[in-house]
Number of protein chains: 2
Amino acid sequence: MSSVRPLPPFAGPAPASLDRWLLSAVARRVGAGRLRYALGPHAVGAAEPVATVRFADRRALLGLLREPEVAFGDSYADGRIEIEGDLLAAVEDASRAYEGRRPGLWSWLSLVARHRPARARENVHKHYDLGNAFYAEWLDRALVYTCAYFEAPGQSLEDAQEAKLDLVCRKLALQPGERVFEAGCGWGGLALHMARRYGVRVTACNLSREQVAFARARARAEGLDAAVEFREADYREVEGTYDAFVSVGMLEHVGRRSYPELARVIDRCLPKGCGRGLLHFIGRDRPRPLNAWIRRRIFPGAYPPTLDEVVGGVLRPAGVVVADVENLRRHYALTLDHWRRRYERAVAAGRVGFDERFRRAWRLYLAGSEAAFATGWLELFQVVFTRRGDDSLPWTRAAFYADGPR
Amino acid sequence: MSSVRPLPPFAGPAPASLDRWLLSAVARRVGAGRLRYALGPHAVGAAEPVATVRFADRRALLGLLREPEVAFGDSYADGRIEIEGDLLAAVEDASRAYEGRRPGLWSWLSLVARHRPARARENVHKHYDLGNAFYAEWLDRALVYTCAYFEAPGQSLEDAQEAKLDLVCRKLALQPGERVFEAGCGWGGLALHMARRYGVRVTACNLSREQVAFARARARAEGLDAAVEFREADYREVEGTYDAFVSVGMLEHVGRRSYPELARVIDRCLPKGCGRGLLHFIGRDRPRPLNAWIRRRIFPGAYPPTLDEVVGGVLRPAGVVVADVENLRRHYALTLDHWRRRYERAVAAGRVGFDERFRRAWRLYLAGSEAAFATGWLELFQVVFTRRGDDSLPWTRAAFYADGPR
């Protein structure tokens, strides 16, 4: 292609096999697994591949050598990389092959930027203000954009999101009349569920203007606007004390440098000597940055923490103790499977706007995320905590699994 | 008393009020809470105390100023400190008053001794080889000397220990024919339950000769000696691979310096890419040494870790991921309440041997432990883990709470 700069001469393989040599280098860098890498007539890798990664030009190949994660995503979105075969199987296999490798220094350096409210706002707008209509095409009807809880694998996404909201309420042992603070409330699904089913009063905050407007409209339509207050605000602006603190899908957007601030917010929100809360977040088993492409193009500033980073960095400084942890990794893989299928149907039906580049990027993001949870590259932790010595949670967890909302 | 060295003259209070001044110093050092401290005619502290700590002599008072934890325990055992009122209420209150204070440097220094197998053996003998008859007086009939799981607070201790053994098996999703390694098996209660109810083959190790002999006899009596092998061995001597690793009540006896070794044992026990396990241990919400008296006189070498110390120090190096954490703190307080009442009945009936000093020390240990769990000074964590990406655990935890053993 015309945009490829001429390569300097080098004493390596003969020019005829240059593309083949580059393909081998990519396979070594990214990890071949059961994939095949192809450019023009050349191909290397698995003899019976689950999928073939086909490069349109040498530039796409060179990009992968320089910065594999970002270049793969960008080139796929641009159409300069095609996956011949099953996209999901390809990214799962690539995840497995790639996961043993160490993150580069630059991956870590990019995490040290402070998460000031202004930056947090900008990060949130990039992802969550794409338009409610876009998300409505592939999320459930309550627009819950976090891991669902499938009581059985065959349950519908609608029911599984409802079950998730209810599981969170049960884990928090919410009682009528209690006050709850929700940090990062999305389109308001959990806040409204808590008020509707458990009779609690909720203060919920979110930096996304579109989401807050939508949530407020839902509260009004349901007559819950006296019970739920949606604030377009950073969670750090919270005032007052609450019986419970809850945050579903926000922690992974809070930079590690902001953990002490989050800890102070939790500590400030809860009374001394009592109170409880729940953090639901995407995590890792080892401290590593998120895939660089996802972080740069999809979720600016995101970092999935390890459980020990959260226990030592957030909960202990907040003066609270772990009561319960559940890893819902497989539930997130299944949630993403539902989202991806709905998304692809919407794309096929021409109901997803934006340009082809955006649509391909989103396809890769959903498939890549599903693969990450399926393989254990990412985890999903629900952590319940209490003040030390607080006895307000149910005597056993059997209460979480009893029939019907309490 | 004759052993008290004469005090140097000092410019403080007049000699007449010396005892009173020392009492006030003790109240400041230990924390007054709702306690009263008394020596002879003098008393300081709460006006309406939950209990009065009465010192027999000035030496007992001075000991508390020098090394409060050890001196309190030793003086109580010696009868030079008496608790007038409810012992449990007194130690609970003292726990609450004392807990804000920082541990001294010496508390930490005493933890650095390496846990070599020889030392581990010696530590175990001190506590667990007191004689099966002694423990049989106050444990349940299966001699399970770890936190029970009360399906409801009114359940009997016998049933609650059975429920605990079964909960562990359910959390591990044991399947007939699987192989399980148990590190630290006590009198064999869990190993036998796993073999009897779940049809698995168990290799269990324990350093206590008396416990191993007892466990082997039980296995023979039940015809389970082909299914369960009890080894008088350190857990680090394990060979072979297993479908599951389980350890109930051992981790708190493993010094922090030995966590890398424990991690290697877990990693070695499980196949690559699959396998699961459970650690049940006394923990803390903050890294602090155990009460110095308990550590010195009751459980040499014990250290209750924080959850993040276990996740980062044992599980991650072992190559496994947290699937589930349950904090059973309140269940341990209730278990200890049962043990303490049984123990006091046995003492009152003259069925506990040893001397008065031992019996008083044990009384304080049981009451102090109950207080520690009741107040949140100690926690009890059950942590289930798997190899990354292992999908062999039940789809939801509801399976743990279904009726009957599976």
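The values are calculated or read from the model by the stated rules, or taken from the named source; none is laboratory data. What you see is a predicted model; the values in this text were computed from it and never measured. Don't worry about glycine lacking a Cβ; one is built from the backbone with ideal geometry, like all the others, and counts go over all protein chains shown.
Which of the residues that make up region A:305-330 are over 13 Å from the mean Cα position of the chain (by Cα) and not aliphatic (A, V, I, L, M)?
A:Thr306, A:Asp308, A:Glu309, A:Gly312, A:Gly313, A:Arg316, A:Pro317, A:Gly319, A:Asp324, A:Glu326, A:Asn327, A:Arg330
Against the condition closer than 30 Å to B:Arg196 by Cα and either of a type outside the set (A, V, I, L, M, F, W, C) or buried (at least 20 other Cβ atoms within 10 Å of the Cβ) (or both), how does B:Leu380 come out, does it pass?
Details: closer than 30 Å to B:Arg196 by Cα: yes; either of a type outside the set (A, V, I, L, M, F, W, C) or buried (at least 20 other Cβ atoms within 10 Å of the Cβ) (or both): yes.
So B:Leu380 passes the test.
Within region B:136-160, can you find the residues that are within 14 Å of chain A (Cβ to nearest Cβ) and part of a loop (DSSP other than H, G, I, E, B)?
Correct list: B:Cys147, B:Ala148, B:Tyr149, B:Phe150, B:Glu151, B:Ala152, B:Pro153, B:Gly154, B:Gln155.
Considering only region B:326-336, I want to know if a residue exists there that is free of Cβ contacts under 8 Å to residues at least 40 places away in the same chain, under 17 Å from B:Tyr145 (Cα atoms) and either touching an Asp or Glu at 6+ places or on another chain (Cβ under 6 Å) or more than 8 Å from chain A (Cβ to nearest Cβ) (or both).
So far as region B:326-336 goes, yes, one or more of its residues are free of Cβ contacts under 8 Å to residues at least 40 places away in the same chain, under 17 Å from B:Tyr145 (Cα atoms) and either touching an Asp or Glu at 6+ places or on another chain (Cβ under 6 Å) or more than 8 Å from chain A (Cβ to nearest Cβ) (or both).
Considering only region A:262-275, how many residues are in contact with a Lys or Arg (Cβ under 7 Å, 6 or more places away or on another chain) and either of a type outside the set (Val, Ile, Thr) or surrounded by fewer than 20 Cβ atoms within 10 Å (Cβ to Cβ) (or both)?
Qualifying residue count for the region: 4.
Please go through (1) surrounded by fewer than 18 Cβ atoms within 10 Å (Cβ to Cβ); (2) without any contact (Cβ under 8 Å) to a residue 24 or more places away in the chain for B:Asp78 and return the number of the only condition it doesn't satisfy.
(2)
Does A:Pro68 satisfy the criteria of being at pLDDT below 90, under 24 Å from the mean Cα position of the chain (by Cα) and not polar (S, T, N, Q)? Give the derivation first.
Working: at pLDDT below 90: yes; under 24 Å from the mean Cα position of the chain (by Cα): yes; not polar (S, T, N, Q): yes.
Yes; evaluated as a whole, the condition is true for this residue.
Just name the residue that is nearest to B:Tyr242 (Cα to Cα) out of those in region B:153-179 that are polar (S, T, N, Q) and surrounded by fewer than 15 Cβ atoms within 10 Å (Cβ to Cβ).
B:Gln175
Take the residues in region A:276-304 that are within 11 Å of chain B (Cβ to nearest Cβ) and more than 11 Å from the chain's Cα centre (by Cα); name whichever of them is surrounded by the fewest Cβ atoms within 10 Å (Cβ to Cβ).
If we take residues in region A:276-304 being within 11 Å of chain B (Cβ to nearest Cβ) and more than 11 Å from the chain's Cα centre (by Cα), then A:Arg286 is surrounded by the fewest Cβ atoms within 10 Å (Cβ to Cβ).
Identify all residues within region A:309-325 that are part of a helix (DSSP H, G or I), within 9 Å of chain B (Cβ to nearest Cβ) and within 26 Å of A:Ser392 (Cβ to Cβ); write none if there are none. First the steps, then the outcome.
Step one: of region A:309-325, the residues part of a helix (DSSP H, G or I) are A:309-318.
From what is left, the residues that are within 9 Å of chain B (Cβ to nearest Cβ) are A:309-313, A:315-316.
The answer is A:Val310, A:Val311, A:Gly312, A:Gly313, A:Leu315, A:Arg316.
Give B:Leu172, B:Leu139 a once-over and let me know the one that is assigned by TED's automatic domain parsing to the domain that holds B:Arg216 and within 23 Å of B:Asp234 (Cβ to Cβ).
Result of the check over B:Leu172, B:Leu139: B:Leu172.
Would a scan of region B:383-397 turn up a residue that is assigned to a helix (DSSP H, G or I) and either at pLDDT 95 or above or buried (at least 19 other Cβ atoms within 10 Å of the Cβ) (or both)?
Yes.
Please verify whether region B:355-368 includes one or more residues that are closer than 30 Å to A:Val310 by Cα and away from chain A (no Cβ under 14 Å).
The answer is no; no qualifying residue exists.
Quick check: anything in region B:198-220 assigned to a loop (DSSP other than H, G, I, E, B), buried (at least 22 other Cβ atoms within 10 Å of the Cβ) and modelled with pLDDT of 95 or more?
Within region B:198-220, one or more residues are assigned to a loop (DSSP other than H, G, I, E, B), buried (at least 22 other Cβ atoms within 10 Å of the Cβ) and modelled with pLDDT of 95 or more.
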